[in-house]
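Read through the structure below, which is laid out as structure tokens, and then see the notes.
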Amino acid sequence: MKDLKAGQVVELTVLEKAGSRWILTNGELEIPLNSSEVATPLTVGDRIKVFLYANRRGELLATTMVPHIIQGEYGWAKVLKISNEGAVVDIGSTREALVKAEDLPKIRSLWPKAGDHLFITLYTNRKGELFGRLITEEKVSELYEEASEKLFNKNIMARAYRLLPVGSFLLGIDHPYRIFVHHSEMESEPRLGQDVEVRIIAVKEDGTMNGSMLPRSHERLSNDAEKIYEYLQSVGGKMPFSDKSTPEEIYAMFDMSKGAFKRALGVLMKQKKVKQEDGWTEII
């Protein structure tokens, strides 16, 4: 008879009802199942699928709430909370798992936050405690979905699963596309497991992709225009800067080139948000 261990999904027989618990068996061992862990009515003799876990005393218990992430299989687990021990994640059961701090990025600011998702599988230690193991590059190479050329220049939502100094590796959320974003194609490094929007800039022969987290050129113009308009609003609606200002003045104030400044002003004037007069720019 196969040994029963925490972390397993097994079929057991309902042996009897004992107070607030059902007793399940594999023919040799008896495993308690709290009534609160039962989703549908049970009768003696039923064969049911359960997930096994250990309580704080190391005793083996069962739940009918089988997680969507089990040993040997990978999936997205939502981060519930962060502590010095690591990230506690939801595996789709009444039990939770811990992704240890030692498996998270060395830089604390790149740790996931509550609400982020980690791509993991499940494992247990000798005490039967549940832990999440982050997916490896080797496993990603087996699981990723090959991308179509039609995705070129499209925006897709993805999550970072591996962070390196050279850039970040991500997996698509709706489809497990493998995407690499070089550090030069991002304004800031994403957290592990953070949802980010990625523009596909290359689809390679092996079906993997390169992406960018930078806005397109016309979107950057829009961002520059917004930056100027927000500054105008903060100084009372009028500023001593115009397309006649020197490149040095513009860069010192807005951290952008004169060409970018003039294009952004053009956007604002075309939208009839601002006007220029005598070297000044003001909100209309």
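Per-residue answers, yes or no, for (1) within 26 Å of His117 (Cβ to Cβ); (2) touching a helix residue (DSSP H, G or I) at 6+ places or on another chain (Cβ under 9 Å); (3) in contact (Cβ under 8 Å) with a residue 40 or more places away in the chain:
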site	(1), (2), (3)
Arg159	yes, no, yes
Pro176	yes, yes, no
Leu192	yes, yes, yes
Ile200	yes, yes, yes
Glu226	no, yes, no
Tyr251	no, yes, no
Ser257	no, yes, no
Subject >> Scan of the stretch 52-95 for residues that are within 14 Å of Gln8 (Cα to Cα) and either among the basic types (Lys, Arg) or in contact with a helix residue (DSSP H, G or I) (Cβ under 9 Å, 6 or more places away or on another chain) (or both), ordered by number >> reply: Leu61, Ala62, Thr63, Thr64, Met65, Arg95
**OP:** Could you check how many residues of the stretch 110-142 are under 19 Å from Pro165 (Cβ atoms) and free of Cβ contacts under 8 Å to residues at least 12 places away in the same chain?
**Re:** 1
Original post:
Could we say that Ile107 is within 29 Å of Tyr161 (Cβ to Cβ), free of Cβ contacts under 8 Å to residues at least 40 places away in the same chain and aliphatic (A, V, I, L, M) here?
Top reply: yes
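Looking only at strands (runs of 3 or more DSSP E) that fall completely inside the stretch 99-196, which ones have 3 or more residues that are within 22 Å of Pro67 (Cβ to Cβ), among the aliphatic types (A, V, I, L, M) and touching a Pro at 6+ places or on another chain (Cβ under 7 Å)?
Numbers: elements: 117-124, 130-134, 155-164, 167-172, 178-182.
Correct list: empty, since no element meets the threshold.
When you check Glu73 against the structure, is it touching a residue at least 40 places away in the same chain (Cβ under 8 Å) and within 17 Å of Arg133 (Cα to Cα), yes or no?
Working: touching a residue at least 40 places away in the same chain (Cβ under 8 Å): yes; within 17 Å of Arg133 (Cα to Cα): yes.
Yes, satisfied.
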Original post:
Does at least one position in the stretch 214-221 carry a residue that is of a type in the set (Asp, Glu), at pLDDT below 90 and surrounded by fewer than 16 Cβ atoms within 10 Å (Cβ to Cβ)?
Top reply: yes
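Looking for something under 30 Å from Glu142 (Cβ atoms), touching a residue at least 12 places away in the same chain (Cβ under 8 Å), surrounded by 11 or more Cβ atoms within 10 Å (Cβ to Cβ) and outside the structural domain of Glu129 (by TED's automatic domain parsing) - is there at least one such residue anywhere in the stretch 38-49?
First, the residues of the stretch 38-49 that are under 30 Å from Glu142 (Cβ atoms): 49.
Retained after the next criterion (residues that are touching a residue at least 12 places away in the same chain (Cβ under 8 Å)): 49.
If we keep only those that are surrounded by 11 or more Cβ atoms within 10 Å (Cβ to Cβ) too, we end up with 49.
Then drop every residue that is not outside the structural domain of Glu129 (by TED's automatic domain parsing), which leaves 49.
Scanning the stretch 38-49, I find at least one residue that is under 30 Å from Glu142 (Cβ atoms), touching a residue at least 12 places away in the same chain (Cβ under 8 Å), surrounded by 11 or more Cβ atoms within 10 Å (Cβ to Cβ) and outside the structural domain of Glu129 (by TED's automatic domain parsing), so the answer is yes.
The values are calculated or read from the model by the stated rules, or taken from the named source; none is laboratory data. Model, not experiment: these values are computed from the prediction. A quick note on method: Cβ atoms are made from the backbone with ideal geometry, for glycine too, and the neighbour counts reach across all protein chains shown.
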